[in-house]
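To start, the structure under review is shown below, and the notes come after it.
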Amino acid sequence: MEPCGKMQAVLWIQKKGTEMKGMVEKMRLRMMDQLPPIQAMVHTGSYHMLIAYCGDMHLRLFGDHRRAFRFLGTVPCHFSTSCLFYDPEAELLLSGTLGAVVTWFILPNGMGIEMAQIVPMADHELVQGFSLNGPQGSLLALCEDTVRVFIHRGQGQLEEVKKFTPVASGSSITCSFTCVSQGNFYVGNRSGEIHAWGLDQGNFLHSFQAHSSSVICIHSRPEIHTLLTAGSESIVREWNLTYGNLLRQLNIDEDLQRLQFIDNTTFFCQTTYSFSLHHLPYFYSLFNVCGSAPQQVQRVCCGHNWTRILCATEDGLLRFLSPATGDLLVITWPLLVMDKALAWAYDLEREELFLAIGSSEVLVFDATCSPCTAKYLVCTSADRKDRVRCLAYGRSHLQKGLGGLMFCGHDSGIVRTLSHYSCARIENTVHSGAVLALSTLEGPQENALLCSYGIDNIIHLTEAVLQVNKVVLQPVSKILCGCPLKRVILLPGSVGAITESYCWRLWHYEGFLTSSESKQSFVWRETKCLHECDITSFDVCLPLKLFVTGGIDGSVRIWDFHGRLVTEFDSALHFGPLCFANNRGDLLLTFNQSIYIVSCLKLLPPA
């Protein structure tokens, strides 16, 4: 009998379930017969109510799934309602209508609602939607062609404090986004336009055509200085915020109804019949917005454990940036002569920036003030045609107050030192032709060693030595290169170079500093081609024994000193000049008018 009893119970449950399903279906059909189409609906969060407007001047209240979807009653609203919204912080219901915003109290335990305030608007606009992402947590009312900003005054009272009106638009606003970190406010409209304002002053900044149809979503990504927009033509686009140019786009290939970000890098797209989830990975963060395209970036030693990032931009300015935060520390005056700049070097003892300007003269800036002023002009040679091609600063212990020497290489093959001390002003003819590159070792050194490379395809190692009361430049050794070089750098115990065919070559000079008979017996090794195109950027991270190269095609690759590839970027973005930000291997990249930083944790393998 027991098994039969269990079977009867199962059948009874199935029967009751069928009856219940039919009852719910009948209730749903009956409600459809009685109610006009729903025009707006909202859920009230912890009050567990669903509130609907059906076009008949009444709000209908229903309990949600926690309250068995019970019908709770109707409340007259006396006017047509265009949208409904619930503010969870203020615990207020808001409704929009033609020319007004209405606030409603929700009664305790969600037993009903009660009108609190009608906020009229002067221009009698239709309120189309609400948003809580306004400046400083304010409430935004999206009207026909204006966004109005409201703040809460307590007891269900709202006060309008600001409005944003697009210039000469007239198209209905569809969405908005507030980016507090950038201080900007964006709106999109049905014509596919994006309009931007400054948050503090409320001043109109600019507008641009982003889509061919209605904008349905705007999202700013301040960490990489871009703006992401989505249009109902089923296209998602990302824009650079400096140039305003299109970086990339995603075609959804269906009728895009809605796009919403889940977090800063993940969003979902809803179409008519499907939805999809998308991820926007990025390995770099915004370091500094220059406002002009960077032409060169390099790390400059300014003292013990103290460095700055020197950036030269297309507008003829030089900037010193903090290597930790990217903040602007020093900027030069805009001088026309900066367009002719060939090389830079920094004298950390006197805090002066030396600039070779394509002549026999060197411009010197006072780096202790900002804007950085042109301090004086050094005429390095009586021959005006003997121009300075390269500069290098070397720290040494030569005594007599000579903490460091500024070297300059000339078209004539002469290497000179620039100094305020007469005993340190020397010149030597080192090369038979123009000096193309100079390099010294990083940090203070016992030996003031200088590496120079000339058009004669010879690398010379020389040493500045204090003899009695005069500094002299003594030859140490030389390297016959065998092929033209593009870049040369002096490393501890070796000289590194990138050849004309874009290979990495390394010569070891340890043991030859005191032996003048071994000038041509350097042991060297050469790698395969580093890039399939011109290498435009190069920098070294000594503690990690790594160097980075940037190609004219925007490619970026990191190598060890043996020429083995450590990592490369697989990115559609076209990066410009680059350098290491510090000794732990964080990398600075330039793109458009900004500098970005890539953490060594994302850049290098765990080993």
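Is segment 121-136 home to any residue that is in contact with a strand residue (DSSP E or B) (Cβ under 7 Å, 6 or more places away or on another chain), open to solvent by less than 60 Å² (accessible area, probe 1.4 Å) and among the charged types (D, E, K, R)? Within segment 121-136, not a single residue is in contact with a strand residue (DSSP E or B) (Cβ under 7 Å, 6 or more places away or on another chain), open to solvent by less than 60 Å² (accessible area, probe 1.4 Å) and among the charged types (D, E, K, R).
Taken residue by residue, segment 175-193 has at least one member that is touching a residue at least 40 places away in the same chain (Cβ under 8 Å), open to solvent by 30 Å² or more (accessible area, probe 1.4 Å) and touching a strand residue (DSSP E or B) at 6+ places or on another chain (Cβ under 6 Å). When segment 301-346 is filtered for residues that are crowded, with 16+ Cβ neighbours inside 10 Å, more than 19 Å from LEU286 (Cβ to Cβ) and aromatic (Phe, Trp, Tyr), the ones remaining, listed by number, are TRP344, TYR346. For segment 266-286, the tally of residues that are over 21 Å from SER234 (Cβ atoms), outside any strand (DSSP E or B) and open to solvent by less than 50 Å² (accessible area, probe 1.4 Å) stands at 1. Counting only strands (runs of 3 or more DSSP E) that fall entirely inside segment 412-516 and contain at least 3 residues that are touching a strand residue (DSSP E or B) at 6+ places or on another chain (Cβ under 9 Å) and within 27 Å of ASP386 (Cα to Cα), the qualifying elements are 414-418, 427-429, 435-440, 448-454, 458-467, 470-480, 485-491, 494-499.
Looking only at residues in segment 403-454 that are over 25 Å from LEU377 (Cβ atoms) and without any contact (Cβ under 8 Å) to a residue 40 or more places away in the chain, which one is most open to solvent (accessible area, probe 1.4 Å)? The residue in question is SER432. Of all residues in segment 199-222, exactly one satisfies the criterion of being among the polar types (S, T, N, Q), at pLDDT 90 or above and surrounded by 15 or more Cβ atoms within 10 Å (Cβ to Cβ), namely SER214.
What about ALA341, is it at pLDDT 90 or above and aliphatic (A, V, I, L, M)?
Criteria not met by ALA341.
In this structure, does GLY244 turn out to be surrounded by fewer than 17 Cβ atoms within 10 Å (Cβ to Cβ), outside any strand (DSSP E or B) and within 17 Å of the chain's Cα centre (by Cα)? Considered against the rule, which asks whether it is surrounded by fewer than 17 Cβ atoms within 10 Å (Cβ to Cβ), outside any strand (DSSP E or B) and within 17 Å of the chain's Cα centre (by Cα), GLY244 comes out as yes. When you go through GLU361, GLU352 one by one, which is the residue that is within 21 Å of LEU441 (Cβ to Cβ), out of contact with any His (no Cβ under 9 Å at 6 or more places or on another chain), modelled with pLDDT of 90 or more and among the acidic types (Asp, Glu)? Of the residues listed, the single one that is within 21 Å of LEU441 (Cβ to Cβ), out of contact with any His (no Cβ under 9 Å at 6 or more places or on another chain), modelled with pLDDT of 90 or more and among the acidic types (Asp, Glu) is GLU352. Would you check if there is a residue in segment 74-83 being touching a strand residue (DSSP E or B) at 6+ places or on another chain (Cβ under 6 Å), touching a residue at least 24 places away in the same chain (Cβ under 8 Å), open to solvent by 10 Å² or more (accessible area, probe 1.4 Å) and assigned to a strand (DSSP E or B)? Yes - at least one qualifying residue is present in segment 74-83. Each residue in segment 139-158 was checked for being buried (at least 18 other Cβ atoms within 10 Å of the Cβ) and free of Cβ contacts under 8 Å to residues at least 24 places away in the same chain, and 1 of them qualify. Residue under question is PRO371, and the condition is that it be under 30 Å from PHE591 (Cβ atoms), within 30 Å of the chain's Cα centre (by Cα) and touching a residue at least 40 places away in the same chain (Cβ under 8 Å); does it hold? For PRO371, the condition - under 30 Å from PHE591 (Cβ atoms), within 30 Å of the chain's Cα centre (by Cα) and touching a residue at least 40 places away in the same chain (Cβ under 8 Å) - is met. Of the residues making up segment 570-603, just one is hydrophobic (A, V, I, L, M, F, W, C), open to solvent by 40 Å² or more (accessible area, probe 1.4 Å) and part of a loop (DSSP other than H, G, I, E, B), namely ALA572.
The values are calculated or read from the model by the stated rules, or taken from the named source; none is laboratory data. Computed from a prediction, not measured in an experiment: that's the story for all the values here. Note that we place each Cβ from the backbone using ideal geometry, even for glycine, and neighbour counts take in every protein chain shown. Calculation scope for accessible area: heavy atoms of the full protein, side chains included, ligands and nucleic acids excluded. Shrake-Rupley method; radii C 1.70, N 1.55, O 1.52, S 1.80 Å.
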